[in-house]
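Input: a single structure, listed below in structure tokens.
The values are calculated or read from the model by the stated rules, or taken from the named source; none is laboratory data. In this text the structure is predicted, and so the values were computed from the model without any measurement. No Cβ is skipped: glycine too gets one built from the backbone with ideal geometry, and neighbour counts run over all protein chains shown. Accessible surface areas use protein heavy atoms only, side chains included; no ligands, DNA or RNA. Shrake-Rupley method; radii C 1.70, N 1.55, O 1.52, S 1.80 Å.
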Amino acid sequence: MVDQSASAPQLLLLATGGTIAGRAANSTSLNAYTAGTMAGSELLQELPQLQEVAQIQVEQLTNLDSADLQFQHWIQLVKRIREAFAQSPELEGVVITHGTNTLEETAWLLELLIDDPRPVVLVGAMRPATALSADGPLNLFQAVQVARSPQACGHGVLVVMDGKIHGARAVTKVATQGVGAFQSPDLGPLGWVDDSGVHLPVASGARSVPFATLVLPAQWPEVAILYGCVDPPLAMVSALFHAGVKGLVWTGTGAGQLSAGEREAIKAWPGVLPLMLRASRCGSGPVHSCALQDELGLLPAGTLSPQKARILLLLALIAGMERAELSDLLASMTMIEG
Ligand code: ASP
């Protein structure tokens, strides 16, 4: 626990690792470092400024590079947040420290599963904690500012990086380095945070949480992502079908286009096809329905990135949804998007 004044807002910090908790051999090493080496409690110790801002209870869920997270960590995270909100009316929000590489995936997963107006804020860093001009401390300070802000309530799961507040649905990592590596393509960030406070200009609206009551099993279905390109190796398609994947996200070219060869491979498969979504490799813009691919049973993923479409598909499969139900869910999500 950070030193506290009784009236300060109460927050839960769930630490999972990442570069924000990473250490290098020296302060000029920006790429050669080990992620997930500092405990969440150490990150807080290095930020005495937070003592005046909030009472923070720290829990270390794991301490990993986010490329190494597994479904079991997601299950733990979801369980802990649901429990904390259910059991602690005095809890005002949750902050999660996380590696940036898959941060948007965890944010989107939580957006689909956590039904509580209190803020859940994910934060990471592009530079290790030992770096000159490390971005982690300020990012964490600002994430706490957002998590304790009444303004942030009802906005869903948020990501705070480099002074920007992003929504879980749109946010994505767009650069391999540099502190401004996160963007929300098409929509832009929801707001920003600085020394004058939290600014979320658009009021929160109605939010639907499609899997709010979903109980997550220990074993998750296999859902793969295929990446479209010129003359794609079709052996990958049949390998996945043979492996019995339950879901498949096609990262099509342009607006989610599959090649003729890929369409033929789907038609030629004699067995049961997985539940399939079609996203785009473009990085922004929607994927709409299209007769050529609709007739093969592929559903358009709208503006969801392939990695976020995969998470929706995972949860839909866990919930036992059939194609028609998933199609309705996607349509309702598109309407919310405006
Ligand atoms: N390798 C890191 C991770 O855990 C990258 C980062 O956190 O920026 O995702």
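Structure above, values below:
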{"quantity": "Every residue from the range 170-201 that is part of a loop (DSSP other than H, G, I, E, B), open to solvent by 60 Å² or more (accessible area, probe 1.4 Å) and touching a Ser or Thr at 6+ places or on another chain (Cβ under 8 Å)", "calculated": "186, 190"}
{"quantity": "Residues of the range 14-43 satisfying the condition of being open to solvent by less than 10 Å² (accessible area, probe 1.4 Å) and more than 9 Å from the ligand (Cβ to nearest atom)", "calculated": "14, 15, 38, 40"}
{"quantity": "Restricting the range 102-119 to residues that are surrounded by fewer than 24 Cβ atoms within 10 Å (Cβ to Cβ) and more than 12 Å from the chain's Cα centre (by Cα), the residue that is nearest to the ligand (Cβ to nearest atom)", "calculated": "114"}
{"quantity": "Qualifying residue in the range 73-87 (condition: within 16 Å of the ligand (Cβ to nearest atom) and not in a helix (DSSP H, G or I))", "calculated": "no"}
{"quantity": "Residue among 134, 152 that is surrounded by 24 or more Cβ atoms within 10 Å (Cβ to Cβ), among the small types (Gly, Ala, Ser), away from the ligand (no atom under 11 Å from the Cβ) and at pLDDT 95 or above", "calculated": "152"}
{"quantity": "Sole exception among (1) open to solvent by 20 Å² or more (accessible area, probe 1.4 Å); (2) of a type outside the set (Ser, Thr, Tyr); (3) within 16 Å of the ligand (Cβ to nearest atom) for residue 52, by number", "calculated": "(3)"}
{"quantity": "Matching entry among 313, 299, 304 (being part of a helix (DSSP H, G or I) and buried (at least 17 other Cβ atoms within 10 Å of the Cβ))", "calculated": "313"}
{"quantity": "Verdict on residue 50 being at pLDDT below 95 and either of a type in the set (A, V, I, L, M, F, W, C) or part of a helix (DSSP H, G or I) (or both)", "calculated": "yes"}
{"quantity": "Residue 253 being polar (S, T, N, Q), surrounded by fewer than 19 Cβ atoms within 10 Å (Cβ to Cβ) and at pLDDT 95 or above", "calculated": "yes"}
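Quick grid of which residues meet (1) in a loop (DSSP other than H, G, I, E, B); (2) open to solvent by less than 20 Å² (accessible area, probe 1.4 Å); (3) touching a Ser or Thr at 6+ places or on another chain (Cβ under 9 Å):
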| residue | (1), (2), (3) |
| --- | --- |
| 121 | no, yes, no |
| 125 | yes, yes, yes |
| 130 | yes, no, yes |
| 212 | yes, no, no |
| 216 | yes, no, no |
| 221 | yes, no, no |
